[in-house]
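Bear in mind that the values in this text are calculations on the coordinates, not laboratory data. Note that the structure is a prediction, hence the values are computed from the model and not measured. Positions of Cβ are generated from backbone atoms using ideal geometry, with glycine treated the same way; all protein chains shown enter the neighbour counts.
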Amino acid sequence: MSFSEDIKRELLDIQTKKNCCKKAFLLGLLINAVRVDGRSFEFSNILEDVSDNARELLQKIYSLRPQKYVVLKPGKKYYAISFSSNSISNFFEELNSNPDGIIQDAAEFKCPACEQAFLRGVFLSTAKISDPNKSFNLEFSFDPKNISVASKFYRFLSMLGFVPKITNRQNSIGLYIKNNGVISDILYYIGVVKTSFDYSQMGIKKEIRNYENRVTNCLAKNIYRAVSASHNHIEAIQKLIEAHKFDSLPEELRVTALLRLNNPEVSMVELGLMHSPPISKSGLSHRLNRIILEAQNIK
């Protein structure tokens, strides 16, 4: 079972008490239903429990008897229901016909909890959330036939403070969020509190790991540069010795060269402190560059 399915099963266990919230939850579940003909709709979901939940609520709220069946698609099995409803049809017509309308008005929410119940329903029917161990991504996918509905849902999320980005694919319209903090807030808002905190903690741990990796990589690069520089210094000094030019160097350069030969692994700062009196890193760098230049002048 995927991470996304685990969250959805947790959401299905949340009890909705008020009748107005039950209606809001049902409209959220049916947000991506496709109109078949007139006032007839088809709703399908890859989780049978989600489809059954929508079917039971249609029976309780609107006294309908939805037909249940299985839809097979390449590599996937969907559990579908079909039904005919004037109330559901009016809801979709309001969303499609009124460009300035908002979901809250079309769904006739009665209390603040209706928005949470509605978003919980939309999550169950359209959302896919990635495993935080791999990536942070939450996407609500809509059928291309429901482009107006997707637009209204974009406005709904934005009004709640969860502003998504949009992607258009051949077979779907996606509203997605990749920010760990925002995803965690949405999970908290729809009622999966523990999962919300776990998701947030996973983001913090991932940031710490990324920081540690950056520090490690930075240290590795610094060590490589230091070793490479030390190698160049020693190579130049050995060249001067082999060419019998070392003794003709100024005394300060000979002192620095001998210290570098005897301490090839130390950093520039440490090498500067070994001098008597100690010299700065820039002063040491100037001396070593002069040594390299003297070696380069040897024919």
(message) Only four residue types carry charge here, +1 at the Cβ of Lys and Arg and -1 at the Cβ of Asp and Glu. Report the dipole size of region 91-207 about the Cα centre in Debye, rounded to the nearest 20.
(response) 480 debye
(message) How many angstrom lie between the Cα centre of region 169-188 and the Cα centre of region 221-294?
(response) 57 Å
(request) Please get the size of the charge dipole for the chain, origin at its Cα centre, with Cβ charges of +1 on Lys and Arg and -1 on Asp and Glu, quoted in debye to the nearest 20. (result) 360 debye
(request) Would you mind counting up the charge near Ser280? Only other residues with Cβ under 13 Å from its Cβ, with Lys and Arg at +1 and Asp and Glu at -1. (result) +1
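What does the extension gain come out to for Asn262 and Gln67, with contour length at 0.36 nm per residue minus their alpha carbon separation?
Working: separation 195, 0.36 × 195 = 70.20 nm, distance 8.66 nm.
Fully extending the segment from Asn262 to Gln67 adds 61.5 nm.
What is region 3-191's relative contact order, in percent, from Cα pairs under 8 angstrom and six or more apart in sequence?
24 percent
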(request) Select from Ile234, Tyr62, Gly283 the residue farthest towards the positive end of the dipole of the chain; place +1 on Cβ of Lys and Arg, -1 on Cβ of Asp and Glu, and compute about the Cα centre. (result) Tyr62
(request) Please report the Cα spread of the chain along all three principal axes, rounded to whole Å, starting with the longest. (result) 104, 38, 36
(message) Per DSSP helix of 4 or more residues, -39500 (n - 2.57); summed, then divided by the residues of the chain. What does that give at 222 nm, rounded to the nearest 500?
(response) -19000 deg cm²/dmol
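Could you give the size of the charge dipole of region 1-137 about its Cα centre, using +1 on the Cβ of each K and R and -1 on the Cβ of each D and E, expressed in debye and rounded to the nearest 20?
Values: 19 positive and 17 negative charges, 70 e Å.
Taking the Cα centre of region 1-137 as origin, the dipole is about 340 debye.
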(request) Express in nm, to one decimal, how much length is gained between Lys194 and Lys18 on full extension, taking 0.36 nm for each residue of separation and deducting their alpha carbon distance. (result) 61.0 nm
(message) How large is the Rg to Rh ratio of region 222-296 when both quantities use alpha carbon positions and Rh follows Kirkwood?
(response) 0.93
